[in-house]
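As structure tokens, the structure follows; a few thoughts come after it.
The values are calculated or read from the model by the stated rules, or taken from the named source; none is laboratory data. Bear in mind that the values here come from a model prediction, so they are computed numbers and not experimental data. For neighbour counting, all protein chains shown are included, and Cβ atoms are generated from backbone atoms with ideal geometry for every residue, glycine included.
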Amino acid sequence: MSAARPLPLRTEIANGYWDAAKRHELAVQRCTDCGALRHYPQERCPECISAAHEWAPLCGRGTIYTYVVSHAAFHPFFEDRLPYVIATIELDEGVRVMSDLDESPDQVSIGAPVEVFFEQLDDDITLPRFRLVNADSSSA
């Protein structure tokens, strides 16, 4: 039996992100002063320094911006998954997020289309993850 996936730390500034994920929605902060989208959740907008924001839903589709194939497990959970892909995803809205992929490394390429799906880890954390889009997958 493999180890459980490590849980992300839920912080107050990121509550909107985790609340949306629990509803199977992908959302990031949008500055209500300048309109800039931002991820990871931050206290202030990197564009205009405003603290005003709302949680903006995203479509959950994008492409692989870059990726790395890990041949070492940083946590026991990943030992049975070696080698595994860690990708930076550029969402259609322009925001970039990171995700491990359950895809074979030889199937992954820069520019490949991906879509979000949600993995419930416990009662409080549902993790947005991404998978390659192909003829057998359905939109999130």
- Task: Read through the list (1) loosely packed, with under 15 Cβ neighbours inside 10 Å; (2) farther than 20 Å from Pro8 by Cα, then give the number of the only condition that Pro76 fails.
- Result: (2)
- Out of curiosity, is Arg5 among the basic types (Lys, Arg), farther than 21 Å from Ile110 by Cα, outside the structural domain of Asp106 (by TED's automatic domain parsing) and at pLDDT below 95? yes
- For Met98, which of the numbered conditions (1) more than 27 Å from Asn15 (Cα to Cα); (2) within 11 Å of the chain's Cα centre (by Cα) fails to hold? (1)
- Among the residues of segment 6-25, write down those that are surrounded by fewer than 17 Cβ atoms within 10 Å (Cβ to Cβ) and either touching a helix residue (DSSP H, G or I) at 6+ places or on another chain (Cβ under 6 Å) or assigned to a loop (DSSP other than H, G, I, E, B) (or both). Pro6, Leu7, Pro8, Leu9, Arg10, Thr11, Arg23, His24
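If a residue must be of a type in the set (D, E, K, R), part of a loop (DSSP other than H, G, I, E, B) and touching a Lys or Arg at 6+ places or on another chain (Cβ under 9 Å), how many such residues does segment 39-83 contain?
Of the residues in segment 39-83, 1 are of a type in the set (D, E, K, R), part of a loop (DSSP other than H, G, I, E, B) and touching a Lys or Arg at 6+ places or on another chain (Cβ under 9 Å).
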- Check Thr88 against each of (1) under 13 Å from the mean Cα position of the chain (by Cα); (2) within 26 Å of Ser2 (Cα to Cα); (3) exposed (fewer than 15 other Cβ atoms within 10 Å of the Cβ) and name the one condition it does not meet. (3)
- Message: Any residue in segment 35-58 that is within 18 Å of Glu90 (Cα to Cα) sitting within a Cβ distance under 6 Å of a residue that is of a type in the set (Ser, Thr, Tyr)? List the pairs, counting only those 6 or more apart or interchain.
- Response: Pro41/Tyr17
- Please verify whether segment 120-132 includes one or more residues that are among the hydrophobic types (A, V, I, L, M, F, W, C) and without any contact (Cβ under 8 Å) to a residue 40 or more places away in the chain. yes
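Just one of Asp136, Asp122, Asp102 is surrounded by 12 or more Cβ atoms within 10 Å (Cβ to Cβ) and modelled with pLDDT under 95; which is it?
Exactly one residue qualifies, and that residue is Asp102.
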- Query: Out of curiosity, is Ser50 assigned by TED's automatic domain parsing to the domain that holds Leu121 and over 19 Å from Glu115 (Cβ atoms)?
  - Reply: no
- Sole miss for Ile86 among (1) part of a loop (DSSP other than H, G, I, E, B); (2) in the same structural domain as Leu127 (by TED's automatic domain parsing); (3) free of Cβ contacts under 8 Å to residues at least 24 places away in the same chain; (4) among the β-branched types (Val, Ile, Thr) is condition (1)
- So which of Gly35, Gly94, Gly111, Gly60 is on the phi > 0 side of the Ramachandran plot and surrounded by 15 or more Cβ atoms within 10 Å (Cβ to Cβ)? Gly60
- Arg61 being under 17 Å from Leu127 (Cα atoms) and charged (D, E, K, R): yes
